[in-house]
Structures are given as C-alpha cells and as structure tokens.
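The block underneath contains the structure these notes are about, expressed in structure tokens.
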Amino acid sequence: MIEVNDLVKWYGPVLAVDHLQFQIPAGRIIGFLGPNGAGKSTTLRILTGYLSPTSGGATIAGFDVLRQSQNARAHIGYLPENNPLYPEMRVDEYLHYRGKLHGMNRNERRQRIDVVTDRCSLEQLRRRLIGQLSKGNRQRVGLAQALLHNPPVLVLDEPTSGLDPNQITQVRSLVAELRGKHTVILSTHILREVEMSADEVIVIARGKIVAQGTIDELRQTARTGSKIIIELQADARSVSSVFAEVDGVQDVDASARDGWCTAAVTPATGADPREALGKVITTNGWTVREMRHDKASLEELYTQITAEQDVANTNAA
Amino acid sequence: MTQILNIARRELSSQFFSPIAYAVLGIFALGTSLIFVIGYLGPGQPATLRGTFEWVVWLMIFLVPAISMRLISEEFRSGTFELLMTAPITDADVIVGKWLGALGFFSTLLLPLIAMAVVLEFNASPDWGPIVSGLIGLVLVAGLYLAIGTFASTLTENQIIAFFVSVFVIVPITLVPIFVPRWTQLPPAVSKTILYLQINAQYEPFGKGLLALPNVIYFATGIALFLFLAIKTLESRRWR
C-alpha cells in the first residue's frame with residue numbers, strides 16, 4: 001500500500017532523510033518511531049505530497065507521490081504534527097470544507113460527517129467553533145478530518161502529543177479500531193505509543209532505518225542484550241572460569257566485593273543458561289543470595305539504538 | 001473550478017472573523033465618505049462620482065494590501081497550509097481561490113460608494129454610466145492590487161512583511177510616474193513605458209465612463225502575471 005524507494009531529502013546542506021526504503025502492506029498499522037529530528041515528519045510530508053524528495057520516490061496505493069500527486073493525495077488522510085485547524089470555523093463547517101476539497105458531493109459529505117463525528121465522539125460539538133474546543137477535542141476534529149473521505153492510507157504525525165493520559169487512551173483505541181480497514185502510519189517519539197497499537201515498528205534515527213520488525217521481533221533483539229546477574233559467596237576468578245564452561249554462556253564478568261562475588265553473565269543469542277548455572281552452583285556448593293534476569297526493555301533498546309546512531313554520526317563527523 | 005470557489009468561499013467568510021478586515025472596512029468607509037462630502041458634495045457641484053473614485057484609487061494603495069496580506073501568510077503561520085497543500089487540489093486552485101475570496105471581500109467595501117450614488121440620485125440626476133464603469137474599474141484595480149498582495153503573501157509567514165512588500169510593489173507603479181515628465185533626460189521609450197504602466201492613468205477611462213479594451217487587457221495581464229508568480233512561489237516551496 002505504501003512503498004518508499006531510496007528516499008533522500010536534503011534541506012540545503014542538512015541531510016534529513018538518508019536513503020530510506022520500506023514497504024507497508026495494506027491494512028497494517030505501522031509505528032514510525034524515532035527521536036525528535038530523526039526525519040519522521042519530513043518522510044511523512046513527502047508521502048503526503050507536501051514536500052518533494054531530493055531523490056528517490058514513494059508510491060501510495062500504486063500512485064507515485066511526485067508524478068501522480070493528486071491521485072496519491074486523494075488516497076491519504078493526513079493528521080499533521082500540531083494538528084492545524086481554522087479556529088474561526090465551526091466543526092461541521094470545517095468538515096464540509098475538507099470534504100469539498102476531496103471532491104465529495106453534498107450527500108456523501110453528510111453521510112460521512114455523520115460517520116466520522118460519531119466515531120470520534122464529536123456529535124455534541126458539531127456546532128461549536130473549533131477555536132473554543134479543548135486540545136483533546138481539537139485532536140478529534142483533526143482525526144475526523146483525516147478519516148472523512150475514507151482513505152485507504154492514514155498518516156498520523158504524533159497524534160497524541162500534548163494530550164492528557166485520558167485523551168491519549170482514547171486516541172489509541174480509536175487508532176486500534178482502524179486496524180484492518182486502513183493502512184496506518186503513525187509517527188511518534190514515544191515507544192509505548194507503538195507498543196500498544198502498532199503491528200510493526202520502523203525505528204529511524206538521523207534519517208536512516210536503524211531497526212525494523214514486529215514488536216516481538218524487537219523484543220527478541222532486546223532480550224539478547226539482557227544479562228543474568230548472580231551474587232554468590234565464592235572466589236571471583238573460579239566463578240568466571242566455571243561459569244564460562246556452562247552451555248549457552250557467551251561472556252562472564254565477575255567482580256568481588258565484601259566477600260561476595262557478583263557475576264554478570266551474558267547469554268549466547270537465543271539461549272537461556274539459568275538452569276545450567278543453577279546446577280554448577282550447587283555442584284560447587286556456593287552460597288547464593290541473589291539471581292536475577294536483567295531484561296533490557298524495549299525502551300532501553302530504543303535508547304541504545306538511537307544513541308548508537310548519534311555516536312556513529314559524531315564519529316563520522 | 002469548484003475547488004477555486006470552495007477555497008474562495010472559505011476565505012471570504014474567514015475574512016469577516018479578522019479584526020483587520022473590519023478596520024479596513026471602517027477606514028475605507030470613513031475615507032471615501034470624507035472625500036465625497038468635503039470634496040464633491042454640495043450645491044452647484046456636478047452630480048458625478050468621478051473625482052471621488054479617483055481619490056479612492058489612491059486610498060486603495062494602503063487598504064487593499066491589508067486585505068491580502070493574510071491570504072497565504074496566515075496559513076503558513078498556523079500550519080493549515082500543510083493540510084491545504086496535501087488535499088487533492090492544484091496550487092493554482094489555492095492561489096486563484098484565495099485571490100477571488102479577497103476580491104469578494106473587497107466588493108463589500110464598495111457599498112459606501114453605492115450609497116453615495118444613491119444620495120446623488122435623490123438630490124440630482126447623476127449619469128449612471130460612468131458610476132457603473134467607475135465601479136468596474138475599481139474592482140479591476142483592486143484585482144491587480146490583490147494579485148500583487150497574494151504574491152507578496154506567498155513569500156512570508158509574517159503578515160506585516162507581506163503588507164509592506166505589496167505596498168513597495170504598488171507605489172512605484174502609482175506614484176513614480178507622476179515625476180516622470182520632469183525627468184527630461186529619460187529616453188522617451190522608458191518614460192512612455194512608465195507612464196503606460198501607471199495604474200491611475202489606466203483607471204482614468206473607467207471613471208469617464210469608458211470601458212476600453214486596452215485598459216481591461218492591462219489589468220487582466222497584471223492580475224495574471226502576479227497570480228502566476230504566486231503559483232510558482234508555492235510550487236517552489238515543495239523543493240526547499
């Protein structure tokens with residue numbers, strides 16, 4: 001449904017999007033994740049036809065965003081960052097205006113406005129001035145506007161930024177309802193956002209994809225970065241040599257303090273040597289006071305990935 | 001075409017929510033009334049609005065850019081521009097629609113002038129021909145000023161800058177030609193061109209009751225030129 005091909009965007013001397021390439025099949029919800037300034041908005045702006053790429057291209061529902069821009073735009077519902085609206089218009093009036101821009105006739109507009117105001121819980125606010133609405137309600141108007149022409153592709157740029165926790169939950173459940181009916185690309189710099197609603201995640205930093213996959217796949221990657229921490233009463237050197245022999249152990253880092261030895265064991269990829277470790281501890285008759293699995297959370301993985309990227313860039317420069 | 005009208009209608013109704021629009025309306029009504037009452041209304045004066053209209057053209061130099069300065073700049077500032085440009089419409093739809101909406105707002109400014117014509121009708125028997133052609137001429141002048149203003153508005157998100165850019169474009173083609181006859185060392189071709197381009201001179205026949213094709217062509221070309229420049233400026237923004 002969405003295809004991005006070797007996309008590059010320079011803002012003068014600044015490289016905002018660096019040879020980006022990905023495909024999104026129809027009906028999926030994709031989390032587009034990255035720190036601020038990673039090039040998320042720029043990519044989305046190219047997809048929606050607001051900006052032109054320096055090189056490379058993209059297609060929406062088979063239409064080239066550059067050469068068949070009008071067609072591509074007709075297939076997208078877009079909620080830009082900061083959700084810009086006309087404060088002097090009434091909700092109904094604004095939705096009619098947007099519907100007309102999408103070439104909908106009066107009947108289609110009436111019918112779809114009923115549908116989207118119902119879906120976004122705006123029925124009570126249809127006669128209100130947008131400028132008088134709360135931020136959360138304005139966000140709903142923005143979403144209603146994006147859904148109005150029933151587009152196959154929805155592009156939501158930071159849809160929950162600046163909302164209170166209650167409103168965030170509402171927006172999330174609304175996005176979850178879109179699953180299967182629309183292809184959604186949802187950008188955010190908050191990991192929890194995509195953990196809740198996205199089928200797949202694309203992490204970008206400095207304009208490049210640094211990780212991609214389902215949440216579970218990313219969790220798997222995160223797990224390989226985890227450690228088993230064991231505190232026991234024994235000599236640090238013998239602990240490292242014994243543990244290093246255990247199956248599924250990649251690396252051991254043991255240090256002694258106050259008569260206790262703390263061993264940090266890095267398991268080999270995909271392995272879980274906890275049971276084997278327990279066995280060698282009993283055979284050696286060591287006293288254990290703690291054994292825990294330090295799971296790297298997705299959050300840590302995300303920080304790690306994007307931070308690595310920063311370091312790599314600093315070194316390159 | 002439907003998209004142009006859609007954008008024009010939204011622009012026209014949103015003009016009425018802007019305090020600047022009411023200031024323009026007020027100043028225009030007051031200014032034109034003063035010109036009419038002090039300068040031309042009285043026993044023994046000819047029952048015509050020609051003189052009043054010619055002064056109105058001068059007044060418009062500062063008032064019309066105040067209408068157009070917000071057209072695109074305001075959309076840049078508020079970010080709504082992004083939603084407008086990602087709708088399946090062309091850049092030309094946006095520019096022409098905005099310009100047409102502003103022209104629609106300008107036509108409400110003409111109401112006090114029509115009221116003056118009615119005052120004349122009650123007290124004397126004015127010749128309606130020059131009044132109608134004069135009003136058409138004023139709309140054409142406003143169309144040109146608004147096209148210049150629309151172009152200026154595509155250059156910046158700051159309305160004040162947009163205002164001054166349009167004034168700085170308009171002033172050379174209205175005020176400068178007044179001094180041309182004194183610069184005798186100018187080559188005749190140059191001074192002729194400058195005099196031809198003067199907006200007030202091009203308006204004069206309309207005030208006399210003449211709807212002459214060359215004058216209409218002058219305004220139509222000017223409007224087309226500046227709207228074209230505005231469309232190109234919008235297009236170029238995508239490539240930044």
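The values are calculated or read from the model by the stated rules, or taken from the named source; none is laboratory data. Everything quoted here is computed from the prediction, not taken from an experiment. Here the Cβ is made from the backbone with ideal geometry for all residues, glycine too, and neighbour counts use every protein chain on show.
Residues are listed down the side, and each one gets a yes or a no for (1) of a type in the set (A, V, I, L, M, F, W, C); (2) within 14 Å of chain A (Cβ to nearest Cβ); (3) closer than 19 Å to B:Ser13 by Cβ:
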residue	(1), (2), (3)
B:Val56	yes, no, no
B:Leu59	yes, no, no
B:Pro65	no, no, no
B:Arg70	no, yes, yes
B:Glu74	no, yes, yes
B:Thr80	no, yes, yes
B:Ile89	yes, yes, yes
B:Ile95	yes, no, yes
B:Lys98	no, yes, yes
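Suppose the filter is in a helix (DSSP H, G or I) and among the basic types (Lys, Arg); does A:Arg110 pass it?
On the way: in a helix (DSSP H, G or I): yes; among the basic types (Lys, Arg): yes.
Here the answer is yes, as A:Arg110 does meet what is asked.
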Restricting the stretch A:59-76 to residues that are more than 10 Å from chain B (Cβ to nearest Cβ) and on the phi < 0 side of the Ramachandran plot, the residue that is surrounded by the most Cβ atoms within 10 Å (Cβ to Cβ):
A:Ile60
Taking the conditions exactly as written (within 15 Å of A:Leu66 (Cβ to Cβ) and either surrounded by fewer than 20 Cβ atoms within 10 Å (Cβ to Cβ) or in contact (Cβ under 8 Å) with a residue 40 or more places away in the chain (or both)), does A:Ile46 satisfy them or not?
no
Across (1) buried (at least 18 other Cβ atoms within 10 Å of the Cβ); (2) within 17 Å of B:Leu5 (Cβ to Cβ), B:Met116 clears everything bar (2)
Just one of the numbered conditions (1) modelled with pLDDT under 85; (2) in the same structural domain as A:Thr169 (by TED's automatic domain parsing) is not true of A:Val203; which one?
(1)
Where in the stretch B:18-110 are there helices (runs of 4 or more DSSP H), lying fully within it, with 2 or more residues that are closer than 30 Å to A:His75 by Cα and among the small types (Gly, Ala, Ser)?
B:73-78, B:91-109
Is it the case that A:Phe63 is closer than 22 Å to A:Ile204 by Cα and aromatic (Phe, Trp, Tyr)?
no
Restricting the search to the stretch A:237-262, which residues are part of a strand (DSSP E or B) and within 11 Å of A:Val280 (Cβ to Cβ)?
A:Val249
Can we say A:Ser55 is surrounded by fewer than 17 Cβ atoms within 10 Å (Cβ to Cβ), more than 9 Å from chain B (Cβ to nearest Cβ), under 30 Å from A:Thr303 (Cα atoms) and under 29 Å from the mean Cα position of the chain (by Cα)?
yes
Breaking point among (1) in contact (Cβ under 8 Å) with a residue 60 or more places away in the chain; (2) closer than 30 Å to A:Ala146 by Cα, for B:Pro126:
(2)
For the structure I just gave you, tell me whether A:Thr117 is buried (at least 19 other Cβ atoms within 10 Å of the Cβ), more than 14 Å from chain B (Cβ to nearest Cβ), β-branched (Val, Ile, Thr) and not in a helix (DSSP H, G or I).
no
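Restricting to the stretch B:1-36, name every residue that is surrounded by 15 or more Cβ atoms within 10 Å (Cβ to Cβ), more than 14 Å from chain A (Cβ to nearest Cβ) and over 18 Å from the mean Cα position of the chain (by Cα).
Selection gives B:Ser33, B:Ile35, B:Phe36.
This table checks each residue for (1) within 29 Å of B:Ile131 (Cα to Cα); (2) small (Gly, Ala, Ser).
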residue: B:Ile160; (1), (2): no, no
residue: B:Val176; (1), (2): yes, no
residue: B:Ile194; (1), (2): yes, no
residue: B:Tyr203; (1), (2): yes, no
residue: B:Lys208; (1), (2): yes, no
residue: B:Leu211; (1), (2): yes, no
residue: B:Tyr218; (1), (2): yes, no
residue: B:Ala224; (1), (2): yes, yes
Only one of A:Gly278, A:Gly270 is at pLDDT 70 or above and on the phi > 0 side of the Ramachandran plot; which?
A:Gly270
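I want to confirm something. Restricting to the stretch B:136-158 and keeping residues that are of a type in the set (S, T, N, Q) and buried (at least 22 other Cβ atoms within 10 Å of the Cβ), which single residue is nearest to B:Leu225 (Cα to Cα)?
Here the residue is B:Thr150.
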Total residues in the stretch B:162-213, condition in a loop (DSSP other than H, G, I, E, B) and hydrophobic (A, V, I, L, M, F, W, C)
6
Return yes or no: is A:Leu66 without any contact (Cβ under 8 Å) to a residue 40 or more places away in the chain, closer than 30 Å to A:Thr54 by Cα and hydrophobic (A, V, I, L, M, F, W, C)?
yes
Can you go through A:Arg127, A:Arg140 and tell me which one is outside any helix (DSSP H, G or I) and either in the same structural domain as A:Asn150 (by TED's automatic domain parsing) or within 18 Å of A:Tyr78 (Cα to Cα) (or both)?
A:Arg127
Confirm whether A:Glu81 is in the same structural domain as A:Gln139 (by TED's automatic domain parsing), surrounded by fewer than 20 Cβ atoms within 10 Å (Cβ to Cβ) and in contact with an Asp or Glu (Cβ under 6 Å, 6 or more places away or on another chain).
yes
Keeping to the stretch B:1-13, report how many residues are without any contact (Cβ under 8 Å) to a residue 40 or more places away in the chain and outside any loop (DSSP other than H, G, I, E, B).
2
Among the residues in the stretch B:227-235, are any within 14 Å of chain A (Cβ to nearest Cβ), modelled with pLDDT of 85 or more and either crowded, with 17+ Cβ neighbours inside 10 Å or under 21 Å from B:Ser133 (Cα atoms) (or both)?
yes
If we scan the stretch A:105-113, do we find a residue that is surrounded by 21 or more Cβ atoms within 10 Å (Cβ to Cβ), at pLDDT 90 or above and in contact with a strand residue (DSSP E or B) (Cβ under 9 Å, 6 or more places away or on another chain)?
no
A:Val17 vs (1) touching a Lys or Arg at 6+ places or on another chain (Cβ under 8 Å); (2) touching a residue at least 40 places away in the same chain (Cβ under 8 Å); (3) within 24 Å of B:Ala8 (Cβ to Cβ); (4) crowded, with 22+ Cβ neighbours inside 10 Å: all pass except (3)
